[in-house]
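> The structure follows.
The values are calculated or read from the model by the stated rules, or taken from the named source; none is laboratory data. All figures in this text were calculated on a predicted structure; none of them were measured in a lab. Quick reminder, even Gly has a Cβ in these numbers, built from the backbone with ideal geometry, and neighbours come from all protein chains shown. For the accessible areas, the whole protein counts, side chains as well, though only heavy atoms, and no ligand, DNA or RNA atoms are used. Shrake-Rupley method; radii C 1.70, N 1.55, O 1.52, S 1.80 Å.
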Amino acid sequence: MTPQERKVARQTGKIISSVRKSKGLTQGSIAVQLAVSQSALSKIEHGLLIPSVHQWFEFCKFTGVPVDSHLQGYVDYSRPVVKSTHTQEGAFRLPKTYAVERASTARTMLPLIKWLERNEGEKKAEAVLTEMGMDSDYFIQLDHTIGVQFGLDLIAYLQRRGIYSPEGAQSIFKAVKQRGYHGSLWTGYDQTQEPFELMALLLSRASYYEANFDYVVEAQTKKHLDFSSKPGSHFKEIKTLANHDARFTICSHRRGYFEHMAESSIAQNVVVEEVECAFKGAKKCVFRMRMEAS
Ligand SMILES: [Zn+2]
């Protein structure tokens with residue numbers, strides 16, 4: 001296999017195993033459907049064998065997976081978040097702490113997971129997720145949900161390893177303006193150049209990313225855009241969040257995400273400030289986006 005083929009094989013295999021697990025299917029039943037042996041399917045799932053075009057189409061037909069998923073490396077049905085507290089998603093099992101108010105999608109966790117992969121390598125990243133009780137295949141489906149605590153624990157891990165510092169947090173989001181971080185929601189982000197317009201578009205799609213906050217555009221002038229986010233009541237239930245630092249981490253991360261998303265060729269210097277924070281006594285978090293003359 002050429003490196004390119006290896007990449008496609010790995011992506012295809014991960015998708016097949018991820019979808020199989022979330023549907024609670026056995027390798028045997030998928031193998032029958034694709035008319036291959038179970039050992040061949042196992043090789044396909046591990047990226048050692050590329051399924052034929054016919055087999056891939058059969059798989060997509062059988063499971064409802066979009067056919068171009070193998071090129072992207074993820075599966076995206078683009079469904080708004082449906083909050084859940086189940087510890088089970090098909091054959092995927094989630095630790096209890098990460099099943100509390102599952103309202104963040106894999107889509108929102110991707111910047112952290114990719115950051116982990118970039119810094120630790122794919123193998124080690126997978127081991128870290130396994131140690132946290134998570135199957136890395138779970139994050140191949142962008143609509144899968146997980147509790148906020150997962151992100152906080154991942155940040156804590158990165159911090160312990162010296163890979164992450166609050167000051168360096170910004171660099172995690174440098175890459176967010178890429179298709180892979182948004183899946184099929186990417187449409188529009190690549191065409192909108194005006195930062196405020198882009199931010200409004202992102203906010204209007206917030207429910208496809210997470211359902212932890214209610215976002216509202218509060219005011220817009222030529223110079224700035226104000227928008228607020230009200231945290232859901234479940235934030236009180238998340239134990240580690242009694243630690244104030246953790247809550248501030250969530251807000252500073254969102255700030256970084258917004259800032260890099262709104263960057264565009266017509267305005268390189270987009271600045272987002274959190275002018276009020278719900279975790280510091282205000283009714284809601286209020287962010288102000290403005291453009292600095294470069
Ligand atoms: Zn806040």
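Residues are listed down the side, and each one gets a yes or a no for (1) open to solvent by 40 Å² or more (accessible area, probe 1.4 Å); (2) farther than 19 Å from Lys23 by Cα; (3) among the acidic types (Asp, Glu):
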{"position": "Thr85", "(1), (2), (3)": "yes, no, no"}
{"position": "Thr97", "(1), (2), (3)": "yes, yes, no"}
{"position": "Val100", "(1), (2), (3)": "yes, yes, no"}
{"position": "Thr105", "(1), (2), (3)": "no, no, no"}
{"position": "Leu110", "(1), (2), (3)": "no, yes, no"}
{"position": "Arg118", "(1), (2), (3)": "yes, yes, no"}
{"position": "Lys123", "(1), (2), (3)": "yes, yes, no"}
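> Here's something else I'd like to know. Taking into account only those residues within the stretch 250-272 that are more than 11 Å from the ligand (Cβ to nearest atom), open to solvent by 60 Å² or more (accessible area, probe 1.4 Å) and of a type outside the set (S, T, N, Q), which is farthest from Val176 (Cα to Cα)?
Ile266
> Just to verify a result, which residue in the stretch 223-251, among those that are modelled with pLDDT of 90 or more and over 20 Å from the mean Cα position of the chain (by Cα), is farthest from Glu101 (Cα to Cα)?
Taking the candidates together, the pick is Lys223.
> Restricting attention to the stretch 273-294, report how many residues are more than 12 Å from the ligand (Cβ to nearest atom) and modelled with pLDDT of 90 or more.
3
> For residues that are under 20 Å from Ala106 (Cα atoms) and small (Gly, Ala, Ser), tally how many sit in the stretch 162-188.
Summing the residues that are under 20 Å from Ala106 (Cα atoms) and small (Gly, Ala, Ser) in the stretch 162-188 gives 6.
> Now for a different question. Can you tell me which residue is nearest to Tyr208 (Cα to Cα) among those in the stretch 171-186 that are out of contact with any Pro (no Cβ under 7 Å at 6 or more places or on another chain) and of a type in the set (Ser, Thr, Tyr)?
Of everything passing the filter in the stretch 171-186, Ser184 is nearest to Tyr208 (Cα to Cα).
> What's the number of the condition Glu292 fails, among (1) over 19 Å from Gly147 (Cα atoms); (2) crowded, with 17+ Cβ neighbours inside 10 Å?
All conditions are met except number (2).
> While we're on this one: Within the stretch 215-237, track down each residue that is outside any strand (DSSP E or B), in contact (Cβ under 8 Å) with a residue 12 or more places away in the chain and open to solvent by less than 90 Å² (accessible area, probe 1.4 Å).
Gly232, His234, Phe235
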